Amino acid sequence: MALRVAAARQRQRERFKQLGHAGLRTNAEADGTLLEEIAALDPQGLKLMRDAADAMNLSARGYHRVLRVARTIADLDGAEKIARIHVAEGLSYRQKPASLKAAA
């Protein structure tokens, strides 16, 4: 796992360097505008994010947090683009509302 993390971090550093942001090292450091550029979603991923944003009442901050996590998951997979599965996994890490926890 440590090798996958090191490779993902290297991918991130190279991506930021190519985009003229050599001072950035991880996806967590990217602002919203840059994040939208590096984490562009395909139509299926975008539909899932929009549906989930509505269903989960995600704020813009929450939306970007999921997007950041999905970009990192894709980096861990060695994927250049974020696929729907990366978005789904990123969404799965969101905390469930208290009402859902109580029901479980």
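The values are calculated or read from the model by the stated rules, or taken from the named source; none is laboratory data. Being a predicted model, the structure only gives us computed values, none of them experimental. Please note: Cβ atoms are built from the backbone with ideal geometry, for glycine as well, and neighbour counts cover all protein chains shown.
For this structure, a couple of remarks:
- Scanning segment 39-55 for residues that are crowded, with 19+ Cβ neighbours inside 10 Å and free of Cβ contacts under 8 Å to residues at least 12 places away in the same chain yields a count of 0.
- For segment 1-43, the candidate set comprises residues that are among the polar types (S, T, N, Q) and in a helix (DSSP H, G or I); within that set, the residue that is farthest from the chain's Cα centre (by Cα) is Gln18.
- Residue count for segment 71-89, restricted to those that are touching a helix residue (DSSP H, G or I) at 6+ places or on another chain (Cβ under 8 Å), more than 17 Å from Asp31 (Cβ to Cβ) and surrounded by 14 or more Cβ atoms within 10 Å (Cβ to Cβ): 13
- Any hit, segment 73-84, residues being in a helix (DSSP H, G or I), modelled with pLDDT of 95 or more and farther than 16 Å from Arg4 by Cβ: yes
- In the condition set (1) surrounded by 14 or more Cβ atoms within 10 Å (Cβ to Cβ); (2) within 29 Å of Ala6 (Cβ to Cβ), Leu58 is compliant with all but (2).
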